[in-house]
Amino acid sequence: MADDFDVIIVGTGAGGGTLAHTLAPTGKHILLLERGDFLTRETANWDPKAVFVDGRYISPDTWYDHDGTPFQPQVHYFVGGATKMYGAALYRLRPQDFGEIRHADGISPAWPVSYDEFEPWYTRAEWLYQVHGMHGKDPTEGRWSRQYPWPPVSHEPRIQAISDALEAGGYHPFPAPCGILLDEADRPASQCIRCATCDGYPCLVHAKADADIIAVRPLLGMPNVTLLTGAEVVRLETDPAGRTVTGVIVDRGGDGKEETYRGDIVVLAAGAANTAAILLRSASDACPAGLANGSDQVGRNYMFHNSKAVIALAKEPNGTVFQKTLAVNDFYLAGDGRDWPLGNTQLLGKSNAMAMKGEEPHLTRLAPQLSLDEVAEHAVDFWLTTEDLPKPGNRVTVDRDGNLHLAYTETNDTEAAGLYGELRKILNHIGMAEHHVLHKNFYMSMNIPIAGVAHQAGTCRFGTDPATSVLDVNCRAHEVDNLYVADTSVFPSIGAVNPALTAMANAIRVGEHIAQRLGVSASAAWAPAPRQAPAGLSPAPPAPPAAPAGGRP
């Protein structure tokens, strides 16, 4: 294989995979480097014990907290990156998120582009990833130039009753945007494959709109695209001045044997923590603090949302299969007596006993007289997201051995508590507090610890001022001419919704800029993806061992 390419992309997830899909039609020679492999299709994909209790698909990485204590981050290294395990919740940021917002614990800074400037790429990402939803139902959303490619996934009876009760109470529930390869004209979600909840599971039948299925696999037969798996990028080499990347150093197979690849343009999309770590490990005489780090901003401003999973119990059983169909943004912004923006409320995938055991080990002690199966039968599952703020001290660093350290203190606990309080009001309003299983107002909840890095962002922010940002408006490093970043590292702020769609949209935007720089057009990439999984990827699977549920968006 040749070691010289027009573009080298590090990572195949929401950022890297989408970027490759954007650039592939240009005919330029592209190398995709992925440290993992294709996720194996096996019945364990749908086994909640394997996924949540055994952590079968979590990387064996060891990171260290600010005290030097080791921990295992919940990261997943596969073709498709973190999207192989995500819940395919594909929300846009609100227009206000692109501007400066005051929070209880400080300022959420403005982006260097406005929502209106960014909107066309949101539309392209929604069509590429076949999002089901309905623009015009959420009063907090910004303008949209094209309706979603698919109608929202229909509510099942229990969720429809909750939606109706919320509307009757003056709330504004709306269909949750979801990336799933499903045509309800043929099969409703309630009769769909048993992994229809998506949350936290790989999809055995490849029906999840992840970066592997949507963006990467359709490229594999193209002569100008090369995918190299088992290829961990350890550092970048530059010219003596540190202004041009001249080599991408790869460890193949973890045996320490290094290979070097060269590209006219290099794009990092390895995730907020690992992208920053690669730059910091690339320190040299010309860049002693790390590559592209003259501003001392690389690794700083790490964010990953102040989130809470809540299991609400009711007397009525909840037989919902596909539960992720409803969301509420009534408390997203300040106003109506609220001093601060509180965030987003959405439904999670349906709970089951093994998911609860893996996510909340104390649950059995809280309810010893009640089996977890009975709890799950009566549960409705909510995910609460409050914006985390970019703080310089929340940061990624590497030690002299190259180990990744993550210092982090959460922000906006006051707002997170306020959002939980609003959910309690909602639950009282829809009768769930009255129809209790254990005792009145009993809600089992789980706060996400530092290891839960699914929504990580912010370590290489883009902006107009080289003194306060790592990248320019096109996500090119201020200090390195041929180096770009195209994952959630670039976020100046994270908002209070899942970051995947914004990463996908920005990757399309950056890809079109890179194509223009290379003197070619990426317009051929702007076409809807096929309306089902690519041919040959979804034969009838073996029967799964149990109906999964739970997880994280």
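The values are calculated or read from the model by the stated rules, or taken from the named source; none is laboratory data. Predicted, not measured: the structure shown is a model, and the values here were computed from it. Please note: Cβ atoms are built from the backbone with ideal geometry, for glycine as well, and neighbour counts cover all protein chains shown.
Each row is one residue, and each column tells you yes or no for (1) out of contact with any strand residue (DSSP E or B) (no Cβ under 6 Å at 6 or more places or on another chain); (2) at pLDDT 95 or above; (3) of a type outside the set (Gly, Ala, Ser).
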| site | (1), (2), (3) |
| --- | --- |
| ASP6 | no, yes, yes |
| ILE9 | no, yes, yes |
| ALA24 | no, yes, no |
| ARG35 | no, yes, yes |
| ALA50 | yes, no, no |
| GLY68 | yes, no, no |
| HIS76 | yes, no, yes |
- Item | Selection count where residues are part of a strand (DSSP E or B) and either at pLDDT 95 or above or among the charged types (D, E, K, R) (or both), scope the range 289-339 | 6
- Residues of the range 340-359 being at pLDDT 90 or above and surrounded by fewer than 23 Cβ atoms within 10 Å (Cβ to Cβ), which ones? TRP340
- Which residues, taken from the range 36-56, are crowded, with 16+ Cβ neighbours inside 10 Å and free of Cβ contacts under 8 Å to residues at least 12 places away in the same chain? ALA50
- Name the pairs whose Cβ atoms lie under 6 Å apart, with the first residue in the range 286-313 and more than 30 Å from THR238 (Cβ to Cβ), the second aromatic (Phe, Trp, Tyr), and 6 or more positions between them or separate chains? ALA309/TRP383; VAL310/PHE382; VAL310/TYR443; ALA312/TYR443
- Query: For the range 279-302, what are the residues that are closer than 30 Å to GLU415 by Cα and out of contact with any helix residue (DSSP H, G or I) (no Cβ under 8 Å at 6 or more places or on another chain)?
  - Reply: ASP296, GLN297, ARG300, ASN301
- Query: How about the range 106-120: which of its residues are under 26 Å from HIS172 (Cα atoms) and of a type in the set (Phe, Trp, Tyr)?
  - Reply: TYR115, PHE118
- Quickly run through the range 132-173 and pick out the residues that are within 16 Å of LEU501 (Cα to Cα) and acidic (Asp, Glu). GLU141
- Filter the range 386-413 for residues that are surrounded by fewer than 18 Cβ atoms within 10 Å (Cβ to Cβ) and in a loop (DSSP other than H, G, I, E, B); which is nearest to the chain's Cα centre (by Cα)? THR409
- Return only the number of the condition from (1) closer than 30 Å to LYS208 by Cα; (2) of a type in the set (S, T, N, Q); (3) more than 14 Å from the chain's Cα centre (by Cα) that THR69 does not satisfy. (1)
- Message: It is to be established whether one or more residues within the range 261-284 are in contact (Cβ under 8 Å) with a residue 40 or more places away in the chain, surrounded by fewer than 17 Cβ atoms within 10 Å (Cβ to Cβ) and part of a loop (DSSP other than H, G, I, E, B).
- Response: yes
- Item | Total residues in the range 285-317, condition surrounded by fewer than 20 Cβ atoms within 10 Å (Cβ to Cβ) and either under 25 Å from the mean Cα position of the chain (by Cα) or closer than 30 Å to ALA376 by Cβ (or both) | 3
- Task: Output yes when any residue across the range 537-551 is modelled with pLDDT of 95 or more, in a loop (DSSP other than H, G, I, E, B) and under 28 Å from ALA176 (Cβ atoms), and no when none is.
- Result: no
- Query: Among ARG124, ARG92, ARG102, which is the only one that is of a type in the set (D, E, K, R) and surrounded by fewer than 21 Cβ atoms within 10 Å (Cβ to Cβ)?
  - Reply: ARG102
- Task: Tell me which residues, restricted to the range 52-66, are touching a strand residue (DSSP E or B) at 6+ places or on another chain (Cβ under 9 Å) and among the hydrophobic types (A, V, I, L, M, F, W, C).
- Result: TRP63
